[in-house]
Amino acid sequence: MSWGTELWDQFDNLEKHTQWGIDVLEKYIKFVKERTEIELSYAKQLRNLSKKYQPKKNSKEEEEYRYTSTRAFLATLNEMNDYAGQHEVISENMTSLITGELTRYVQELKQERKSHFHDGRKAQQHIETCWKQLEASKRRFERDCKEADRAQQYFEKMDADINVTKADVEKARQQAQLRHQMAEDSKAEYSSTLQKFNSEQHDHYYTHIPNIFQKIQEMEERRIVRIGESMKTFAEVDRQVIPIIGKCLDEITKAAESIDHKNDSQLVIEAFKSGFEPPGDIDFEDFTQPMKRTVSESSLSNSRGDGKSEPKFGGKSKGKLWPFIKKNKSPKQQKEPLSHRFNEFMTSKPKIHCFRSLKRGGAGPEDFSNLPPEQRRKKLQQKVDELNKDIQKEMDQRDALTKMKDVYIKNPQMGDAASVDHRLAELGQNIEKLRLEVQKFEGWLAEVEGRLPMRTEQARRQSGLYEAQNTSAVNSCAQDRESPDGSYTEEQSQETEMKVPATDFDDEFDDEEPLPTIGTCKALYTFEGQNEGTISVAEGEMLYVIEEDKGDGWTRIRRNEDEEGYVPTSYVEVYLDKNAKGAMTYI
């Protein structure tokens, strides 16, 4: 089965067919190229989708990913990212193994096809030239034969005519012989040309054209094989990534199976547990008897009882009160139906005093006292861990600089040892500050965990100062200390302060022994102690320190046995006794 023998006369059709084959190959290249673009677009969309649902750093969403269900979702997003990567691999492999290779092959194929058909046209032109030569020789032989016949007839006519001279007859005879000789020469030339043409034609149709068509056939068959191999590669490229895609899907399945509903339920408890006890039973209030209603610790409403307008500042501390209950402000409110007050209790939010100084910027209290006990404990523990990490970083830097300094001391040519002293001093100060912060937060953490009394003298003192500074209808927590220019700034919050009656819990603190002095201080600025619990000082005055700053910005001092109170730490320069905690200065 050969195109050279079977299709010897189909040169034009073969030319059209081979061009169609190249068009098919180019169409397939275009198809694969579009497939690679689709794979890239799909991978890009998958990556964007995965990125869109990734948790944002330092956001609330990041905290939600502690649950097993959300962690499984995060694992799914990561696997989808890897899944997208495999589609990118498909695109890259198809581009390099199919599109690129076939594009180069098409160019080579076009050049080869052009060469073969050029040879075919050249062979056709040669046989056509031979045919034209044969036709010209044939026509010339035919013309010469006709001329010889006419010359012979003329001679015979002249020879038969008695009126013609012998010379004319001889001339006609010579002319006839000449024409016969020309006819014989044309015959010989025609015979030779015919033999030559037949030989050329035989070579053309049995040698040259079959060889050319055989090459064209082989070229076309290679094209067909090549497109088949490309289709196999097309499938193989997909098949190569199937195991990795399957692994991605297996990881997604594994992540889904790792979801633990019990663990997630426990995390919800840890996240939102307040640490408060449920309210106790409500006492029966008998309105038929003209007697004072007894205030119960578990009562939802708290009246003034003995008619006192305010508890004593800095002395008797507040009584116990369920933290979610808002205090009634008037007798009219006290006479509201019990069901209404219970609904108010169920829908109200906690109103918790801020006993510590607030951070600047309107954030929550530094000791997280606005949170329920359990949440406060977690926040404090987190803060302690963060500070300890910061301390470790500073210590690592200090150790590195110390080693560098030792190297400089041993090898002065490498550097000046004194150049790192300033940085070492800064690191030492930073470490000391961070340790003080850790001690402060550990103290609050110990208080929350029950290792220290929940209401210490410090807490009662802060509570007294807080109430003294918030006697208006809208009360807030003190945020900033008094500045050296004598101004005092504070931000008003929208929460109403809870006023609760004193109980016997704090009576034990009434007759405390006077605190011993732990040092002296010098007033740097004049301070007018207008709020109860504070004491006025004049610039340059020397006083005794009986309680140092606990981190709230206030120092407790004493002028004499009867006069003592709190002043802003920034207003005094403190000199502690050596046997106390070492000399420390607050400026």
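Here, each number is a calculation from the coordinates, and none is a lab measurement. Source: prediction; values computed, not measured. All Cβ positions, glycine included, derive from the backbone under ideal geometry; neighbour counts span all protein chains shown.
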Would you kindly state how much longer the chain becomes between Val225 and Tyr206 on full extension, computed as 0.36 nm times their sequence separation minus their alpha carbon distance, in nm to one decimal? 4.1 nm
Two pseudo-spin positions, 7 Å from Cα along C-beta at Lys52 and at Asp12, lie apart in nanometres by 5.9 nm
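At 0.36 nm per residue, minus the direct Cα-Cα distance, what do Leu194 and Ala418 gain on full extension? Give it in nm, one decimal, please.
Working: separation 224, 0.36 × 224 = 80.64 nm, distance 11.42 nm.
Between Leu194 and Ala418, full extension yields an extra 69.2 nm.
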I want to check the label-to-label distance for Asn263 and Asp562. Put each point 7 Å from Cα in the C-beta direction and report it in nm to one decimal. 6.8 nm
For a Förster distance of 56 Å, can you work out the FRET efficiency between the beta-carbons of Gln214 and Glu156, rounded to the nearest 0.05? 0.40
For Lys410 and Ala167, compute 0.36 nm times the residue count separating them, minus their Cα-Cα distance, and round to one decimal in nm. 73.0 nm
Virtual paramagnetic centre 7 Å along Cα→Cβ of Glu26, amide N under 15 Å, in the stretch 198-238: none
Sort the stretch 7-97 into rounded, prolate or oblate with this rule: let a ≥ b ≥ c be the square roots of the eigenvalues of the Cα gyration tensor; rounded if a/c is under 1.5, and if a/c is not under 1.5, prolate when a/b is larger than b/c, oblate otherwise. prolate
Residues Glu541 and Asp577, FRET efficiency given R0 of 25 Å [Cβ-Cβ distance, rounded to 0.05]: 0.85
Among the trypsin sites (Lys or Arg not before Pro) within the stretch 1-86, which fall in a DSSP loop and have no more than 13 other Cβ atoms within 10 Å of their own Cβ? Lys56, Lys57, Arg66
What is the list of residues in the stretch 90-106 whose amide nitrogen lies under 13 Å from a point 7 angstrom out from the Cα of Ile244, following Cα to Cβ? 90-94
